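Visitor: Would you mind keeping the following structure in view while I ask a few things?
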Amino acid sequence: CNWDWKDFDEMVFPWGLMHHCSNITKPWLHTWEQGSLLLSLAEPAYESPDVFILAPDSHRIGPRFNELTGALHRSIALLLDRRVNFGMINEEDLNHLPPSAKALVWPLPYCPADSGDLSFDRTRRPTRLERRHRLGLPEATLTSPFDTPPNAWHQPPIETSVGAGKVLFVPYPLELRPQPTDAGVYQRLIALAGVSPITVEPAEAPVRALSLPTREGGRLYMLARRSEGANLLPVTLPNAALTVNLAEGGFAFVLLGPQGEIRAAESQGPLVIGGKRLASAEGHYALCALDGRDLRRTQQLLVLPHQCTTVDIGGLPQLRDAHCFIGPSAGSPRQVGALVEPLVFPPGASGQVAVVAPADQLDAALARLRALSELRF
């Protein structure tokens with residue numbers, strides 16, 4: 001989110017949203033606008049997560065802080081790959097850990113003030129050897145994370161129990177140096193805690209997933225592809241029988257209603273629900289139900305083409321005889337015609353959208369679109 005509203009007057013700034021010395025928009029401004037229209041359909045509700053990262057704050061104060069911050073980022077990446085919702089908590093706030101917490105991920109716990117090598121105090125000296133005993137860990141040669149000997153990086157994790165809880169201790173600074181075994185360590189932690197990840201098929205797909213509830217009792221999902229390749233990657237959310245296709249670096253939001261109805265979905269190729277193709281385009285686009293129904297039954301469809309020039313919605317037979325408005329999101333209802341397939345949008349990412357509905361519902365659908373547009377301001 002490092003985009004700026006306007007380029008500098010004296011130069012071209014690649015991340016601006018308005019062209020140099022003018023009020024002409026760049027295509028990405030319309031992408032932001034259309035993304036906000038979809039998200040305006042969902043009012044999120046807070047849900048305290050099962051998993052928390054405990055930020056190694058004491059260890060981050062001092063030399064080599066860039067490496068330590070990078071290790072924290074790597075911990076976040078490893079959890080994202082596990083497809084679990086998680087939060088963060090600081091060492092000084094550990095007493096306020098929410099009751100929802102089932103697992104605590106503590107990367108590089110070397111210098112806590114009063115809690116985890118663990119054996120080191122906040123001055124980076126190994127004066128807290130009793131901590132290892134309390135956690136059921138064996139004695140070890142104590143070194144700083146930056147002096148870890150080569151053979152230590154291949155030691156297996158140690159599993160112990162403390163009271164009713166479990167400890168998974170990695171005897172080397174895992175997050176400092178990527179290894180193929182890292183994912184398995186984090187996966188084991190999630191399994192020990194009994195935390196259920198978001199189910200995606202195929203399970204081995206290089207896709208990250210997060211979700212959050214809505215106030216209505218539905219759920220908003222985010223899918224993001226992290227692999228390279230020119231081919232589209234089909235990904236299925238089995239709880240919704242929904243398949244989207246993700247391009248390289250692609251992502252998708254999926255909005256479910258309280259009864260599991262699919263109210264909005266994005267894709268970069270075919271959009272398939274229950275084995276039936278609803279829509280397709282060569283690029284990123286979205287379908288949204290303005291009447292709150294499932295996309296397969298909606299009578300008020302909003303099509304967000306982003307930067308596509310055509311979107312095929314031939315898999316929605318209930319709208320075959322509908323009328324169609326194509327124009328800006330706050331446009332006039334007078335710009336209406338019979339539905340012609342596929343939907344064709346002006347080139348150059350003009351920011352136009354389509355509303356498709358039977359004649360007797362088109363005014364209500366356009367009013368709903370204008371209300372969503374007003375929410376953004």
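Visitor: Out of the residues in segment 295-311 meeting the condition of being surrounded by fewer than 20 Cβ atoms within 10 Å (Cβ to Cβ) and β-branched (Val, Ile, Thr), tell me which one is modelled with the highest pLDDT.
Guide: Selected residue: THR310.
Visitor: Can you tell me which residue among THR181, THR199 is under 15 Å from the mean Cα position of the chain (by Cα) and either open to solvent by 30 Å² or more (accessible area, probe 1.4 Å) or of a type in the set (Gly, Ala, Ser) (or both)? Step through it out loud before you land on a result.
Guide: Details: THR181 fails: under 15 Å from the mean Cα position of the chain (by Cα).
Testing whether each residue is under 15 Å from the mean Cα position of the chain (by Cα) and either open to solvent by 30 Å² or more (accessible area, probe 1.4 Å) or of a type in the set (Gly, Ala, Ser) (or both) leaves just THR199.
Visitor: Moving on to the next point. Only one of these is open to solvent by 10 Å² or more (accessible area, probe 1.4 Å), closer than 24 Å to GLU374 by Cα and in a strand (DSSP E or B): PHE253, PHE325. Name it.
Guide: PHE253
Visitor: Check segment 223-237 and report whether any residue there is part of a helix (DSSP H, G or I) and more than 28 Å from GLU261 (Cα to Cα).
Guide: No.
Visitor: With the condition kept exactly as written, say whether any residue in segment 238-247 is β-branched (Val, Ile, Thr) and either in contact with a Lys or Arg (Cβ under 6 Å, 6 or more places away or on another chain) or open to solvent by less than 60 Å² (accessible area, probe 1.4 Å) (or both).
Guide: Yes: one or more hits.
Visitor: Hey, LYS166 hits all of (1) assigned to a strand (DSSP E or B); (2) open to solvent by less than 60 Å² (accessible area, probe 1.4 Å); (3) farther than 27 Å from LEU295 by Cα but one; which does it fall short on?
Guide: Unmet condition: (2).
Visitor: Can I ask one more? Taking segment 59-106 only, how many residues are more than 23 Å from SER211 (Cβ to Cβ) and open to solvent by 20 Å² or more (accessible area, probe 1.4 Å)?
Guide: 18
Visitor: Something else now. Being at pLDDT below 95, assigned to a loop (DSSP other than H, G, I, E, B) and either over 18 Å from the mean Cα position of the chain (by Cα) or over 22 Å from PRO197 (Cβ atoms) (or both): is that true of GLY269 here?
Guide: Details: at pLDDT below 95: no; assigned to a loop (DSSP other than H, G, I, E, B): yes; either over 18 Å from the mean Cα position of the chain (by Cα) or over 22 Å from PRO197 (Cβ atoms) (or both): yes.
Against the criterion (at pLDDT below 95, assigned to a loop (DSSP other than H, G, I, E, B) and either over 18 Å from the mean Cα position of the chain (by Cα) or over 22 Å from PRO197 (Cβ atoms) (or both)), GLY269 does not qualify.
Visitor: In segment 177-191, which residues are of a type outside the set (D, E, K, R) and part of a helix (DSSP H, G or I)?
Guide: Selection gives ALA183, GLY184, VAL185, TYR186, GLN187, LEU189, ILE190, ALA191.
Visitor: Within the set of pairs 6 or more residues apart or between chains, which connect a residue that is more than 13 Å from TYR221 (Cα to Cα) inside segment 233-250 to a residue that is at pLDDT below 95 and open to solvent by less than 50 Å² (accessible area, probe 1.4 Å) with Cβ atoms less than 6 Å apart?
Guide: Filtered contacts from segment 233-250: GLU248/GLY229.
Visitor: Can I ask one more? Being closer than 22 Å to LEU372 by Cα, small (Gly, Ala, Ser) and surrounded by fewer than 21 Cβ atoms within 10 Å (Cβ to Cβ) narrows it down to one of GLY314, GLY292, so name that one.
Guide: Just one listed residue meets the conditions, GLY292.
The values are calculated or read from the model by the stated rules, or taken from the named source; none is laboratory data. Computed from a predicted model, the values in this text were never measured in an experiment. Neighbour counts run over all protein chains shown; Cβ positions are idealised from the backbone, glycine included. Just the protein is used for accessible areas: all its heavy atoms, side chains included, with ligands, DNA and RNA removed. Shrake-Rupley method; radii C 1.70, N 1.55, O 1.52, S 1.80 Å.
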